[in-house]
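Report on the structure given below.
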Amino acid sequence: MRTTITNALVFGQDKSSLLREGFLRATTFCMNASLTTQQVAERLGVTVSRVRQLVLEGRLPAEKFGRDLMIKESDLKLVADRKPGRPPKADKQKPAPH
């Protein structure tokens, strides 16, 4: 955001109008059926940590709102058909004891 404000000042935009635009965009995002990580975790039946991991992996889009991640309710369908649990470990042949 700092770079955007600096660029805006260079190009003659008012700093307060730029901040107001960012606030309006964030407010609109939050009003459009967005959920916190806690709410998403409850709906998916997983932990909040798992929701954050899905976001970090890029499987679940989210937007930062202050210190919280906000996830659109419509994006939950992207991870609804995920496989539960951990993937199986690859079978490695253990060397025979001598």
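We did not get these values from a lab; they are worked out from the coordinates using the rules stated. Treat the numbers as computed from the prediction; the structure is a model and nothing was measured. Ideal geometry is used to build each Cβ from the backbone, glycine not excepted, and the neighbour counts take in all protein chains shown.
For the range 34-78, the square roots a ≥ b ≥ c of the C-alpha gyration tensor eigenvalues yield an a/c under 1.5, which makes the shape rounded. Listed values for the range 72-84 are Karplus-derived 3J(HN,Hα) couplings in whole Hz (6.51 cos²θ - 1.76 cosθ + 1.60, θ = phi - 60°), namely 5, 4, 5, 7, 5, 5, 5, 10, 5, 9, 5, 7, x, and x replaces Gly and Pro.
For the pair Gln38 and Arg82, the difference between a 0.36 nm per residue extended length and the Cα-Cα distance amounts to 14.0 nm. Figure legend: label point modelled 7 angstrom from the Cα of Arg59 along Cα→Cβ; residues of the range 71-88 with amide N under 16 Å from it are 75-88.
For Leu60, the amide hydrogen comes within under 5 Å of the amide hydrogens of Val55, counting only partners 5 or more places away or on other chains and with H modelled in the peptide plane.
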